[in-house]
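*Asks:* First the structure, which I've put down as structure tokens, then a few questions once you've had a look.
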Amino acid sequence: MTQDTTESADRIDCRRRNTLALLAMAPLGTLISRHVLANSFPTQPVTLIVPFAAGGATDTLVRTLAEGASKTLGQRVIVENRPGAAGGLGANVVARAKPDGYTLTVMPEPVFRLPHLQKTQFDPMQDFTYVIHLTGYTLGVAVRADAPWKSWQEMVEDARRRPGRISYGSTGTNSTMHVTMEEISQKLGIQLNHVPYKGESEIITAMMGEHIDLAVTAGGIGPYVDSGKARWLVLWTAAHSHRWPSAPTLRDVGIDMESTSPFGIAGPRNMDPRAVQVLHDAFRKALNDPAMRKMLVRFDQETAYLNSAGYTAFARQRYDSQGKLVKRLGLTANP
């Protein structure tokens with residue numbers, strides 16, 4: 001073998017050794033990079049999508065929560081409204097977002113229902129990292145003060161006489177508001193006229209403007225009830241409301257069910273566990289902040305806190321139960 005050939009072989013062996021060394025170090029470098037990123041998280045504002053219109057109970061609560069979490073994170077939590085699709089638009093966005101913790105969404109109950117009805121851009125069991133579960137709503141059916149029905153039973157009797165003539169607003173086809181009203185209607189053997197809206201504020205405006213007869217709403221109707229401009233016909237809570245103790249529950253009117261449409265916050269799948277913990281801790285602290293507690297009292301809502309692991313298990317249970325509900329009610333996809 002010549003000297004030139006020997007030197008060439010040595011150079012090849014050297015390059016091979018360097019390449020193998022770099023490959024061996026790559027996983028370590030990736031781990032170090034992730035560690036540094038997680039320890040410095042967040043270094044920029046966090047976007048939190050609210051999949052309902054501005055001005056409703058969810059939007060108001062989440063903006064208060066975001067303000068509190070911003071103080072702990074040292075970065076702004078920017079609330080972005082994406083109303084429509086029964087609350088599913090936030091999930092659409094986050095399912096395709098980078099798992100860096102900077103894009104999150106409020107996860108309403110329909111996210112677990114819609115995949116049983118139609119093809120969706122997300123899989124609730126595969127595409128998300130569940131960060132923290134927060135609360136559920138005080139939902140119910142309200143009317144204007146001058147409505148002809150003084151009680152829930154009077155409205156039901158009128159609906160039996162006039163099938164399809166009494167209208168109600170919800171946050172969209174196959175939303176929890178819509179599905180619960182359909183379940184109630186099936187139990188009672190009545191037919192109501194469903195009118196979908198993008199958010200609670202639109203529902204309340206439509207009812208107060210006499211465009212619909214009934215409003216399926218949460219605590220956003222509170223100021224109108226307190227001022228005597230509207231009143232509850234029935235609440236969907238398990239127990240009587242602290243704020244409106246005289247309002248009957250579904251069980252009070254003979255319907256053995258409840259519906260609070262619980263929700264939390266989630267991000268894309270494969271988020272770094274350290275970033276998840278940072279976000280969880282900030283939102284949990286904000287949930288217990290006096291400003292947030294005051295807001296929950298205003299909307300007559302209770303906290304329903306679950307950590308990331310608990311929320312993940314809850315999501316699985318909710319996904320399974322919503323599938324059974326869809327079959328039982330014979331629901332169909334959005335028209």
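*Asks:* So, in region 205-229, exactly how many residues are more than 19 Å from VAL195 (Cα to Cα) and either over 26 Å from the mean Cα position of the chain (by Cα) or buried (at least 16 other Cβ atoms within 10 Å of the Cβ) (or both)? Break it down stepwise before answering.
*Replies:* In the first step, residues of region 205-229 are kept if they are more than 19 Å from VAL195 (Cα to Cα); the result is 219, 222-229.
This time we only want the ones that are either over 26 Å from the mean Cα position of the chain (by Cα) or buried (at least 16 other Cβ atoms within 10 Å of the Cβ) (or both), so: 219, 222, 224-229.
Of the residues in that region, 8 qualify.
*Asks:* For region 160-184, what are the residues that are touching a Gly at 6+ places or on another chain (Cβ under 8 Å) and on the phi > 0 side of the Ramachandran plot?
*Replies:* Residue satisfying the conditions is GLY172 alone.
*Asks:* Is it the case that region 61-73 has a residue that's within 23 Å of MET177 (Cα to Cα) and modelled with pLDDT under 95?
*Replies:* No, there is no match, as no residue in region 61-73 is within 23 Å of MET177 (Cα to Cα) and modelled with pLDDT under 95.
*Asks:* Among the candidates ARG113, ARG96, ARG144, which residue alone is among the basic types (Lys, Arg), over 27 Å from ALA275 (Cβ atoms) and more than 15 Å from the chain's Cα centre (by Cα)?
*Replies:* On the way: ARG113 fails: more than 15 Å from the chain's Cα centre (by Cα); ARG96 fails: over 27 Å from ALA275 (Cβ atoms).
Selected residue: ARG144, the only one of ARG113, ARG96, ARG144 that is among the basic types (Lys, Arg), over 27 Å from ALA275 (Cβ atoms) and more than 15 Å from the chain's Cα centre (by Cα).
*Asks:* Starting from residues that are in contact (Cβ under 8 Å) with a residue 24 or more places away in the chain and more than 17 Å from the chain's Cα centre (by Cα), keep the ones in region 293-303 and report whichever is surrounded by the fewest Cβ atoms within 10 Å (Cβ to Cβ). Steps first, please.
*Replies:* Within region 293-303, the first condition is being in contact (Cβ under 8 Å) with a residue 24 or more places away in the chain, and the residues that meet it are 295-303.
Filter once more, keeping what is more than 17 Å from the chain's Cα centre (by Cα): 295, 297-298, 300.
Numbers: MET295: 20, VAL297: 13, ARG298: 17, ASP300: 20.
Ranking the qualifying residues of region 293-303, first place goes to VAL297.
*Asks:* Which residue, of ALA9, ALA95, ALA21, ALA85, is in contact with a strand residue (DSSP E or B) (Cβ under 8 Å, 6 or more places away or on another chain) and either at pLDDT below 95 or surrounded by 10 or more Cβ atoms within 10 Å (Cβ to Cβ) (or both)? Break it down stepwise before answering.
*Replies:* Numbers: ALA9 fails: in contact with a strand residue (DSSP E or B) (Cβ under 8 Å, 6 or more places away or on another chain); ALA21 fails: in contact with a strand residue (DSSP E or B) (Cβ under 8 Å, 6 or more places away or on another chain); ALA85 fails: in contact with a strand residue (DSSP E or B) (Cβ under 8 Å, 6 or more places away or on another chain).
ALA95 is the lone residue from the list that is in contact with a strand residue (DSSP E or B) (Cβ under 8 Å, 6 or more places away or on another chain) and either at pLDDT below 95 or surrounded by 10 or more Cβ atoms within 10 Å (Cβ to Cβ) (or both).
*Asks:* Considering only region 276-291, how many residues are surrounded by fewer than 23 Cβ atoms within 10 Å (Cβ to Cβ) and touching a residue at least 60 places away in the same chain (Cβ under 8 Å)?
*Replies:* Restricting attention to region 276-291, the residues satisfying the condition of being surrounded by fewer than 23 Cβ atoms within 10 Å (Cβ to Cβ) are 276-278, 280-281, 284-285, 287-291.
Remaining after also requiring touching a residue at least 60 places away in the same chain (Cβ under 8 Å): 276, 278, 280-281, 284-285, 287, 289, 291.
Looking only at that region, the number is 9.
*Asks:* Residues SER321, SER259: which one is part of a loop (DSSP other than H, G, I, E, B), under 18 Å from the mean Cα position of the chain (by Cα) and among the small types (Gly, Ala, Ser)?
*Replies:* On the way: SER321 fails: part of a loop (DSSP other than H, G, I, E, B).
Checking each option against the conditions leaves just SER259.
*Asks:* Starting from region 238-261, keep only residues that are among the aromatic types (Phe, Trp, Tyr), then list their pairs with residues that are in a loop (DSSP other than H, G, I, E, B) whose Cβ atoms are within a distance under 8 Å, requiring at least 6 positions of separation or different chains.
*Replies:* If the second residue must be in a loop (DSSP other than H, G, I, E, B), the pairs left are TRP244/ASP300.
*Asks:* Identify all residues within region 145-189 that are among the hydroxyl-bearing types (Ser, Thr, Tyr) and closer than 27 Å to GLN322 by Cα; write none if there are none. Can you show your working first?
*Replies:* Start the filter on region 145-189 by keeping residues that are among the hydroxyl-bearing types (Ser, Thr, Tyr), which leaves 151, 167-168, 170-171, 173, 175-176, 180, 185.
Across region 145-189, the qualifying residues are SER167, TYR168, SER170, THR171, THR173, SER175, THR176, THR180, SER185.
*Asks:* Sticking with this structure for a sec: Within region 304-318, count every residue that is assigned to a strand (DSSP E or B) and buried (at least 17 other Cβ atoms within 10 Å of the Cβ). Step through it out loud before you land on a result.
*Replies:* Initial filter on region 304-318 (assigned to a strand (DSSP E or B)): 304-306.
Now drop any that are not buried (at least 17 other Cβ atoms within 10 Å of the Cβ), which leaves 306.
Of the residues in that region, 1 qualify.
*Asks:* Mind checking which helices (runs of 4 or more DSSP H) fall wholly inside region 88-197 and carry at least 2 residues that are within 19 Å of GLY264 (Cβ to Cβ) and touching a residue at least 24 places away in the same chain (Cβ under 8 Å)? First the steps, then the outcome.
*Replies:* Numbers: elements: 89-95, 110-113, 152-161, 176-188.
Hits in region 88-197: 89-95, 110-113, 176-188.
The values are calculated or read from the model by the stated rules, or taken from the named source; none is laboratory data. Because the structure is a prediction, the values reported are computed rather than measured. In this analysis, Cβ positions are derived from the backbone assuming ideal geometry, glycine residues included, and neighbour counts consider all displayed protein chains.
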